[in-house]
Amino acid sequence: MATIKSGIPGLDTLFEPNEFPKGRQILVTGPPGSGKTVFGLQFLLNGALHYEEPGIFVSFDDLPRHIRADMFSFGWNIQQLEKEFNPPLITLVDGFSARVGLTTDEKYIIRANVDSLLLVLTEILDETGATRVCIDSLSTLSTIIKDPVQVRKEILTMGAILGEQGCTTLLTAETLARGVEEYSSQGLIRLSYDELSTGEFRRAILVQKMRGFAHEFSWKEFRITADGIKIFPERTVGRGHFK
Ligand SMILES: Nc1ncnc2c1ncn2[C@@H]1O[C@H](COP(=O)(O)OP(=O)(O)OP(=O)(O)O)[C@@H](O)[C@H]1O
Ligand SMILES: [Mg+2]
């Protein structure tokens with residue numbers, strides 16, 4: 001099985017080869033604020049910076065300039081990776097503005113009709129040789145396409161095309177939003193949080209499914225620190241509290 005280094009501390013050890021599956025389409029689900037967007041971007045940024053794997057981030061949930069600013073709070077300079085390398089190490093795609101009727105001066109835009117998603121992705125793949133992609137989020141994409149049959153078709157087509165090119169793709173989704181579990185991806189990683197009796201919250205991650213890989217099958221604690229996500233594989237948590 002082909003593997004890569006994810007670049008997210010603690011994540012790779014959850015898989016038996018101690019590395020992350022390559023060239024697969026993996027769902028990352030979780031409730032609001034569980035860390036899906038940070039997870040996706042940390043995966044892309046580390047791939048670009050440390051493993052010669054340029055990335056594409058398609059934002060349906062927020063403006064690209066908000067994403068750049070939010071990630072700067074971790075010290076991650078997306079703009080530098082977009083502008084100071086040729087081809088760029090990171091490409092942000094604006095799937096937000098057209099959807100809410102805003103004008104945008106972003107270079108890559110997904111119009112309200114989603115036919116353009118695959119076209120835009122293939123264009124950027126050709127230009128940049130990207131091998132990591134994150135679509136944030138599938139929940140929003142499926143409200144744009146509306147017809148669930150077409151959503152499934154788009155996802156399968158996208159998975160096939162990106163997988164063929166050796167791209168590892170993360171699709172974020174809110175937990176169980178519009179039957180996300182139906183979108184039969186090759187893997188499913190869940191992020192969640194739980195309230196302790198002290199009133200503190202604790203975050204946890206579960207690899208629920210990964211075709212072709214032996215993996216840990218219990219909730220592991222993770223934190224979002226000033227440096228981003230850090231997983232503690234030695235800390236199994238919860239007794240079925242995570243939803
Ligand atoms: N600079 C930072 N340092 C530490 N923690 C941070 C920092 N920035 C954000 N966080 C934490 O990360 C959380 C946001 O995570 P993220 O945006 O990835 O969640 P999400 O699952 O994508 O949410 P949504 O479903 O709303 O899109 C914040 O609520 C906050 O707890
Ligand atoms: Mg998000």
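Quick notes on this one:
- Candidates are the residues of region 115-141 that are buried (at least 22 other Cβ atoms within 10 Å of the Cβ) and among the charged types (D, E, K, R); the one that is nearest to ligand 2 (Cβ to nearest atom) is 136.
- Residues being in a loop (DSSP other than H, G, I, E, B), within 15 Å of ligand 1 (Cβ to nearest atom) and more than 29 Å from residue 84 (Cα to Cα) - total across region 12-63: 4
- Taking the listed residues 55, 33, the one that is at pLDDT 95 or above, closer than 26 Å to residue 187 by Cβ and under 13 Å from the mean Cα position of the chain (by Cα) is 55, with no other qualifying.
- Count - residues of region 68-82 that are within 12 Å of ligand 1 (Cβ to nearest atom) and surrounded by 16 or more Cβ atoms within 10 Å (Cβ to Cβ): 3
- Restricting 128, 91 to those that are closer than 21 Å to residue 40 by Cβ and touching a helix residue (DSSP H, G or I) at 6+ places or on another chain (Cβ under 7 Å) reduces the list to 91.
- Counting the residues of region 76-101 that are free of Cβ contacts under 8 Å to residues at least 12 places away in the same chain and outside any helix (DSSP H, G or I) gives 5.
- In the condition set (1) within 16 Å of ligand 1 (Cβ to nearest atom); (2) at pLDDT 90 or above; (3) over 17 Å from the mean Cα position of the chain (by Cα), residue 199 is compliant with all but (2).
- Residues of region 65-88 that are within 16 Å of ligand 2 (Cβ to nearest atom), of a type in the set (D, E, K, R) and out of contact with any helix residue (DSSP H, G or I) (no Cβ under 7 Å at 6 or more places or on another chain): 65, 70.
- Qualifying residues in region 46-67 (those that are farther than 22 Å from residue 110 by Cα and touching a residue at least 12 places away in the same chain (Cβ under 8 Å)) - the one surrounded by the fewest Cβ atoms within 10 Å (Cβ to Cβ): 50
- Test: residue in region 50-64 that is more than 15 Å from ligand 2 (Cβ to nearest atom), farther than 29 Å from residue 101 by Cα and touching a helix residue (DSSP H, G or I) at 6+ places or on another chain (Cβ under 9 Å): yes
- For the criterion of being surrounded by fewer than 19 Cβ atoms within 10 Å (Cβ to Cβ) and more than 15 Å from ligand 1 (Cβ to nearest atom), residue 85 passes.
- Near pairs, Cβ below 8 angstrom, 6+ apart or cross-chain, from region 28-39 (over 15 Å from residue 221 (Cβ atoms)) to any residue that is within 6 Å of ligand 1 (Cβ to nearest atom) and part of a helix (DSSP H, G or I): 28/36; 29/36
The values are calculated or read from the model by the stated rules, or taken from the named source; none is laboratory data. It should be emphasised that the depicted structure is a prediction, and the values quoted were computed from it without experimental measurement. FYI the Cβ positions are ideal-geometry reconstructions off the backbone, even for glycines, and counts take in every protein chain you see.
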